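Bear in mind that the values in this text are calculations on the coordinates, not laboratory data. Values in this document were obtained by computation on a predicted structure and should not be read as measured data. Heads up, the Cβs are rebuilt from the backbone with ideal geometry, glycines too, and the neighbour counts pull from every protein chain shown.
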Amino acid sequence: MKILVINCGSSSLKYQLIDMVDESVIAKGLCERIGIEGSKLTHSAAGKDKVVITKDMPTHKTAIELVMEALQDENHGVIKSTDEISAIGHRVLHGGMKFYKSIVVNEEVKDVIRECFDLGPLHNPANLMGIEACEAAMPGKPNVAVFDTAFGMTMPPKAYKYAIPEEYFEKYSIRRYGFHGTSHNFVSGEAIKFAGLDPETAKVIVCHLGNGSSVSASIGGKCVDTSMGLTPLEGLMMGTRSGDIDPAVLQFIMNKEGKDINEMLNILNKKSGALGMSGISSDFRDITNAAEAGNERAAITLDAFFYRIIKYIGAYAAAMNGVDAIAFTAGVGENDADGRRKICESLSYLGVEIDTAVNKVRGVKTMISTPNSKVKVMLLPTNEELAIARDTLALVK
Ligand code: AMP
C-alpha cells in the first residue's frame, strides 16, 4: 500500500510517496515558487538520480499534476499509474476546536479548514488548495487531513485558557492550541517505546528545536501542555520569532516608532528571536560559529535560547509532578550536541545525567542519558511525513 504525503505552503508543495509495507520513502520532492515566475520541481526517487524540472506552475493544481507526471515518468518515476496510490495524507495547520484527530476529508471537513483561515492565514488556504488539487488530479481517492493542532487538543482548560475575558474564548475560540503537533505526537510515542515506559502513564517532555521551536508535556501519550499558543508565536525563542513577551512591549514600540499592529506582528514573527537578538542570522549554525569566534551578542543569543528551554522543561516537570523521559528533536535538537549538553547540565536537580561522549551523536536515535539517570534522555529524529502516512493508513485501511 502506497501513501502520498503532501505538505503545502503558500508557494510550495513538498511530497513523499511512502511504501507502508516497510515504511520506506519511494520518492520525494519539492515544488517551489508556485504562482511565481521561475517555478521548479525537484524530484528524487529511491535509487535514481535527482531531477530538476523547470516548468510554470501557476497554481497548486498544476503543481500536483506535475508531481503525478514525475511519479509516473518512465525514467525517474516509481509507479505505473496513480491506481497504485491508496490515499493522500495532507498536513493541515489549524483544525480549530473541531478536530482532535486526523480525519478523512469530506465537504464538511473542508468547510472547517476554511473557517480556520483566520487562525492560520498563511497555511490553511494553501493546505486546502493542496487537498482540492489532489481531489481534481485523483478523483475518488481518499484524502486525509492531519492537523498540526490536534495533539494539543487534549490539554486541560487550565493549560489552554488565556486569562482574558471569557467572551473572547466563547466568541472567537481564542485559546492556546499548540503547533508541531504531528512531530510532538510522533516523538513522544517513539520515546515511550524507546525508553520502555508504561504507555498509559509515561510523563514525557519533547523539545522540538528547529527554526520554529516548541516544547510539549504529555502523560500517557496525551498532551497536557505545549509552549505554542493561538499561533506559533508563543513560547520559546525561535529562529525569527520572539516567543513569550510582555504584550506591553508592543504598545511601547508602536508608540515610539509609529508602527501599526500588523507591522509589529511582522517584526515579532520575522525579525525577532535569534535573528533579532544576534543581528547575525536566524540559522543556529551561523550563530554558533559566530559565538565560537568570540561574538558576544551571538553567545548571549545562544544562552537566551537554551535558558528558555531549561525554564520550560522545569515548568513542565513541575506541572506533571515529575518526568520520565525528555526527547530532543528537529534541526537543533538532533544536531547540536553542545546545546543538548548545556540544557541537560541544568537539569541535574531532576536527576538527569547524560553521557557526554554518547551525546556527541547527530541525527540518529540514541539514548544519551547514563543508566543511572533518573530521567531517560534521548535524541529522537522526528518524521512528520511518516506520522502523516501512518495516520492516513489507519483511517483508510
Ligand atoms: P529545522 O527547522 O528542524 O529544519 O531546523 C533548522 C535549524 O537547525 C537551523 O537553525 C539550523 O542551523 C539548525 N541546525 C542544524 N544543524 C545544527 C548544528 N550542528 N548546530 C546547531 N544548529 C544546527
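Report the full-extension gain for the segment Leu122 to Lys80: residue separation times 0.36 nm, less the Cα-Cα distance, to one decimal in nm.
Working: separation 42, 0.36 × 42 = 15.12 nm, distance 3.48 nm.
Taking Leu122 through Lys80 to full extension adds about 11.6 nm, to one decimal.
Once you have the Cα-Cα distance between Asp355 and Lys271, take 0.36 nm times their residue separation minus that, and quote the gain in nm to one decimal.
On the way: separation 84, 0.36 × 84 = 30.24 nm, distance 3.64 nm.
Difference between extended and current length: 26.6 nm.
If the limit is 30 Å between Cα atoms, which of Lys270/Lys374; Lys48/Lys101; Lys61/Lys171; Lys158/Lys256; Lys193/Lys360; Lys61/Lys98 go over it? Let's see the in-between values first.
Details: Lys270/Lys374 39 Å; Lys48/Lys101 36 Å; Lys61/Lys171 35 Å; Lys158/Lys256 36 Å; Lys193/Lys360 22 Å; Lys61/Lys98 27 Å.
Check vs 30 Å cut-off fails for Lys270/Lys374; Lys48/Lys101; Lys61/Lys171; Lys158/Lys256.
For a footprinting-style exposure proxy, rank Ile113, Ile88, Ile131, Ile53 by other Cβ within 10 Å, fewest first. Display every interim value, and only then the final one.
Details: Ile113 25, Ile88 28, Ile131 22, Ile53 18.
Least crowded to most crowded, the residues run Ile53, Ile131, Ile113, Ile88.
Report the residues of the range 19-39 in range of a label on Thr59: point 7 Å along Cα→C-beta, backbone N strictly under 19 Å from it.
Residues 31-39 fall inside that zone.
Starting from the Cα of Asn106, move 7 Å in the Cα-to-Cβ direction to define the label point; list residues of the range 131-150 whose amide nitrogen is under 18 Å from there.
132, 135, 140-146
At a 10 Å Cβ-Cβ cut-off, how would you order Ser86, Ser214, fewest neighbours first?
Values: Ser86 16, Ser214 28.
Placing the least packed residue first, the sequence is Ser86, Ser214.
If you build a Gaussian network model of the chain, linking Cα atoms that sit under 10 Å apart, which residue out of Gly221, Gly77, Gly96 swings the most?
Looking only at Gly221, Gly77, Gly96, the biggest GNM fluctuation is shown by Gly77.
Explain nothing, just the number: dipole magnitude of the range 197-265 about its Cα centre with +1 on each Lys and Arg Cβ and -1 on each Asp and Glu Cβ, in debye rounded to the nearest 20. Each step should come with its number before you reach the end.
On the way: 5 positive and 9 negative charges, 19 e Å.
It works out to roughly 100 debye.
Could you put Arg114, Arg340 in order, starting from the residue whose Cβ has the fewest other Cβ atoms within 10 Å? Please list the in-between numbers first.
Numbers: Arg114 12, Arg340 27.
Result, fewest neighbours first: Arg114, Arg340.
Using a Förster radius of 56 Å, what is the FRET efficiency between Arg341 and Ala163 based on their Cβ-Cβ separation? Nearest 0.05, please. Each step should come with its number before you reach the end.
Details: r = 36 Å, r/R0 = 0.64.
For Arg341 and Ala163, the calculated efficiency is 0.95.
Just to be sure I follow: if Rg is taken over the C-alpha atoms of the chain and Rh is the Kirkwood radius over the same atoms, what is Rg/Rh? The partial results should precede the final answer.
Values: Rg = 21.5 Å, Rh = 22.2 Å.
We get a ratio of 0.97 for the chain.
Do you know the relative contact order of the chain, to the nearest whole percent, from alpha carbon pairs under 8 angstrom that are 6+ apart? Can you show the working numbers first?
Details: 840 pairs, mean separation 54.4, N = 397.
14 percent.
Based on the Cβ-Cβ distance of Ala136 and Lys171, what FRET efficiency does E = 1/(1 + (r/R0)^6) give at R0 = 35 Å, to the nearest 0.05?
Working: r = 36 Å, r/R0 = 1.02.
After rounding, the FRET efficiency stands at 0.45.
Just to be sure I follow: if Rg is taken over the C-alpha atoms of the range 279-397 and Rh is the Kirkwood radius over the same atoms, what is Rg/Rh? All intermediate terms of the calculation are to be shown ahead of the outcome.
Values: Rg = 16.4 Å, Rh = 15.8 Å.
Ratio value, two decimals: 1.04.
Let me know the Kirkwood hydrodynamic radius for the range 59-110, please, with Cα pairs as the basis and the value in Å to one decimal. Write down the numbers at each step before the final one.
Values: mean 1/r = 0.0740 Å⁻¹.
It works out to 13.5 Å.
Of all the stretches in the chain, which is the longest one without any exposed loop site, taking chymotrypsin sites (Phe, Trp or Tyr not before Pro) in a DSSP loop (any state but H, G, I, E, B) with at most 16 other Cβ atoms within 10 Å? Write out the running numbers ahead of the final one.
Values: sites that count: Tyr100, Phe117, Tyr162.
Between the exposed loop sites, the longest stretch runs 163-397.
Taking +1 at the Cβ of each Lys and Arg and -1 at the Cβ of each Asp and Glu, which of Thr62, Gly35, Val51 sits farthest along the dipole of the range 19-73 towards its positive end, judged by Cα position relative to the Cα centre?
Final value for the positive-end residue is Gly35.
Over the chain, with a Gaussian network built from C-alpha contacts below 10 Å, which listed residue (Cys344, Cys223, Cys207) shows the highest mean-square fluctuation?
Cys344
Relative to the Cα centre, what is the charge dipole magnitude of the chain, using +1 at the beta carbon of each Lys and Arg, -1 at the beta carbon of each Asp and Glu, and rounding to the nearest 20 debye? Walk me through the intermediate numbers first.
Working: 43 positive and 49 negative charges, 113 e Å.
That gives the chain a dipole magnitude of about 540 debye.
Between Ile300 and Glu23, take the C-beta separation as r, use R0 = 30 Å, and let me know the FRET efficiency to the nearest 0.05.
Numbers: r = 42 Å, r/R0 = 1.41.
In this case the efficiency is close to 0.10.
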